[in-house]
Amino acid sequence: MSKPPQFEGTIGKTLADSEPHFTEPPHPGEDAPNVVVFLLDDLGFSQFGCYGSDIDTPNVDALAQGGLRYTNFHVTPLCSPTRAALLTGRNHHTVGMRAVSNFTTGFPHMTGQISNHAATIAEVLGDEGYATLAVGKWHLAPMEQCSAAGPFDQWPLQRGFDRFYGFLDGETDQFSPNLTYDNHHIDAPATAEDGYHVSEDIIDKAIEFVHDTKSIRPDKPFFLYAAFGAVHAPHQAPAEYLEKYKGKYDDGWDVVRQRWFERQIELGVTDASTQLAPRNPGVDAWDDMPENQRALACRLQEAFAAFLDHTDHQIGRFVDDLREMGQLDNTVIMVLGDNGASQEGGPFGVLHEMKFFNGILETPDEAVAHLDEIGGPHSHSNYPWGWAQVGNTPFKWYKQNTHEGGVHVPLVVHWPEGIADQGAIRGQFHHVNDVAATLYDMLGIEAPTERQGLEQIPVSGVPMTYSFADADAPTTKKVQYFEMAGHRGIWAEGWKAVTRHDKGARFDDDVWELYNVDDDPSECNNLADEMPDKLAEMIDLWWAEAETHGVLPLDDRMIELFGARHRARSPHPETKIYRYRPPVSPIPAEAGPALGGRSWRMTIRVGSVADGVIYATGTENSGVSVFIQDGHLVLDYNAFDDHTVTRSTVPVPEATSTLVVEMMRVADRKGLVELQADGTNIGNGEIPWLMGMISSVGAAVGRDRGSSVSRAYTDEFAYQGDLTEVEIAVLSRADAETREAEMRAEMARQ
């Protein structure tokens, strides 16, 4: 137990015979640099201009020209795990983040949060006297704990940051985001019609936070963690950026990938001896594709390019502000991606990304009617596999995989006062868990072995600082494992063994590949058959590292864990009955009832009947809204902009005190709907298909928050009467079967 600090002055009977003592707060030193980490989401190795692409990224390119480009830098295959490794300097399984923070599994490697035995960079630098600031995406707290009810102990401010402005989940709509300011949720300050975009907003706040610090405490250095939602789906950008890229990718992904590859060789980020990996399975030859498929693919890539270009501009705004403040030269800036380019758009790409998580393959013939919506506020798009592989040039596979396409990303380091070899390239192998160790080494800080009474897990990363001045120095990294949902890999001294796992298959049946990635970085020459002993050695090493870093048990569950509601002492009652009494702050999707693909009953208690939204979850792209309009009770079931509306046959009587909306899942994934007022049936409907995952955006009670779920209204359409309580019961299969028979009888009677 720690003791109160000892007073080092003297205390006499009076002030005259006493001597005061003032405690000096910690300070890292007058020359301590500021630190800025820009983290982009789902960014492939080749997508910055300075790594080979033809996308305009002049601001990141300028940082590279004034600093270093790392060409052998690696991350985990997914967002939350990379963030956990980056901010702690430990491997992601070790600190409890096997996969995304939206779920926990009851095992130490998947708790949905960073272990308190692994201090974050913000906690360590804050203890040293730094101001610590965070903007953008967090995704490092269990999402069921991200409501206004908390607990807040894994929110940014409780994990070492003094200020936070951004969103807590893994993605958000760029025009209608779910925002959190410090420890409370807020509405977006403007709309798409006003010219709002969340990337601009978070950089505005980053500049404000830095000005607040430097204006009042100019002696105090800052650490800024700026984690964009970009370039994760939805790919959305202002209209002028979308217009800029129209027609730019009409040559198709085969031609563009070759062009980017040749540019990489010219820039020196890829060696001329490297092979361009063949097209991944499921990626068609461009010239063999139908016209509609090509048209859709082009527009989706245009939206991505516009989104990245717009993000680069925001980085430039912040860098320009540092320059104007005279802070740029003594600021360490790192720019990196969190995993490879996303495969979640499927073979054709999608207008609505949630279709991927519902197992829906949207055909180009269906999508081409909406080409002009892509990239704007009315789409939630992601590009197809072919463009994702272009983004990962020269590698194969994608985000989620442990092949290079999933884990090999760009890293730019800019520090005018500390890097003399400006514009140079560094090829040493390093991993995202080396970032914290590098910063500590640069700043002369020892990672604590104990913090706030908690023994600390040793930092597993190694500093990269040796490479700042020496391009030819051998890497100090000796070994690094990879694992994600059963996909596995191990790197050691230039060799890599890797396997792709088929979900549900026996792990012992996985086929391992072997590559000398020093000579074959794109993993084209599989040496497994030629060198079985070396492969066996590498596989044994993987198992040893897995034991050491807490990777086991192997677990290939992913999407099915979203919406799991089975934890005691959580927002999810054992009764599966949720009660909300307005006013209620926004409810994150993981903290509320899981309505996707399930039967449920909503009981609405009102003091007075009036128009307005009672409960809405999701966005204009996919969601569910219950509201009263023109006196009628309405359920709008929005399945990817395909609206099924059930409206009461009569107005709700003014004296009504209880309304009920029931949704019963029946055969063929259909839904039956019944509307009631004080126990009397006032309407029935049928939903042709129920979404399994509705949206990453949670619910609002008494209004619609963000983009409108229903076309019947255009703003939040707040409830105008006295809304006393909204109760939602998630029903068992037996209850649903009983109600199905009753509802079908009522529909037949009507």
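Just so it is clear, none of the values below were taken in a lab; they were calculated from the coordinates. This structure is a prediction, so every number in the text was calculated from the model and none was measured. Here the Cβ is made from the backbone with ideal geometry for all residues, glycine too, and neighbour counts use every protein chain on show.
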H117 and I425 label points (each 7 Å along its Cα→Cβ direction) are spaced in nm at 4.2 nm
Per its Cα gyration tensor (rounded if a/c is under 1.5, else prolate when a/b beats b/c, else oblate), region 85-141 is best filed as prolate
The helix 532-549 Cα axis meets the longest alpha-carbon principal axis of the chain at an angle in degrees, between 0 and 90 and rounded to 10, of 70 degrees
Here the net charge surrounding E302, from other residues whose Cβ is less than 14 Å away from its Cβ (Lys, Arg +1; Asp, Glu -1), is -4
Distance in nm between E417 and T724 label points, each 7 Å along Cα→Cβ, equals 6.5 nm
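Can you say what percent of the DSSP beta bridges in the chain, counting only those with both residues inside, are antiparallel? Round to 5.
Values: 89 of 119 bridges.
The antiparallel proportion sits near 75 percent.
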For the chain, the charge dipole (Cβ of Lys, Arg +1; Cβ of Asp, Glu -1; about the Cα centre) points to a positive end, and the Cα of A745, H197, P218 closest to that extreme belongs to A745
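Tell me the net charge near D518. Cut-off is 15 Å between Cβ atoms, D518 excluded, with +1 for each Lys or Arg and -1 for each Asp or Glu. Don't skip to the end; give the middle numbers.
On the way: positive: R426, K477, K478, K496, K534; negative: D271, E404, D472, E493, D519, D520, E523.
Charge balance in the 15 Å sphere: -2.
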Expected unfolding gain across D715-E574 under the 0.36 nm per residue rule, minus the alpha-carbon gap, is 47.3 nm
Two pseudo-spin positions, 7 Å from Cα along C-beta at M325 and at T658, lie apart in nanometres by 5.8 nm
Given the candidates I114, V60, A134, the one whose Cα lies deepest towards the positive end of the charge dipole of region 1-148, counting +1 at each Lys or Arg C-beta and -1 at each Asp or Glu C-beta, is I114
Expected unfolding gain across H370-S273 under the 0.36 nm per residue rule, minus the alpha-carbon gap, is 30.7 nm
With the charge dipole of the chain built from beta-carbon charges (+1 for Lys and Arg, -1 for Asp and Glu) about the Cα centre, the Cα from T714, Q676, A436 projecting farthest to the positive end belongs to Q676
Region 22-74 and region 250-315 have their Cα centres apart by a whole-number Å value of 24 Å
With +1 at each Lys and Arg Cβ and -1 at each Asp and Glu Cβ, the charge dipole magnitude of region 483-559 around its Cα centre, to the nearest 20 debye, comes out at 380 debye
Residues whose modelled amide H sits under 5 Å from the amide H of Y165, counting only those 5 or more places away in sequence or on another chain, are A134, V135, G136, D182
Rounded to the nearest 10, the angle in degrees between the Cα long axis of helix 253-267 and the longest principal axis of the Cα atoms of the chain comes to 20 degrees
Between [x] 92, 51, 47; [y] 78, 77, 58; [z] 91, 82, 50, the structure-derived Cα extents along the principal axes in Å is [z]
Once the in-chain neighbours fewer than 8 apart are removed, the lysines whose Cα is under 24 Å from K205 read K137, K214, K220
Exposed GluC sites (Glu not before Pro) being those in a DSSP loop with at most 16 other Cβ atoms within 10 Å, the longest stretch of the chain free of them is 31-416
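So if we plug the beta-carbon distance of L454 and K220 into 1/(1 + (r/R0)^6) with R0 = 22 Å, what FRET efficiency do we get, rounded to 0.05? List each step's numbers first, then the result.
Values: r = 26 Å, r/R0 = 1.19.
Plugging the Cβ-Cβ distance into 1/(1 + (r/R0)^6) gives 0.25.
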Quick calc, the chain, dipole around Cα centre from Cβ unit charges on Lys, Arg (+) and Asp, Glu (-), nearest 20 debye, gives 1820 debye
Measuring from the longest principal axis of the C-alpha atoms of the chain, the long axis of helix 434-443 (C-alpha) lies at a number of degrees, nearest 10, equal to 50 degrees
Length gained if D472 through S18 is fully extended, taking 0.36 nm per residue and subtracting the Cα-Cα distance, is 157.3 nm
Per the C-alpha gyration tensor (a ≥ b ≥ c, the square roots of its eigenvalues), region 483-559 is rounded if a/c is under 1.5, else prolate if a/b beats b/c, else oblate; here it's prolate
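Quick one: net charge around E727, please, counting Lys, Arg +1 and Asp, Glu -1 for every other residue with C-beta under 13 Å from its C-beta. Let's see the in-between values first.
Details: positive: K576, R579, R581, R601, R605; negative: E662, E725.
That sum, taken over residues with Cβ under 13 Å, equals +3.
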Check: C-alpha center region 490-517 vs C-alpha center region 126-174, spacing in Å is 35 Å
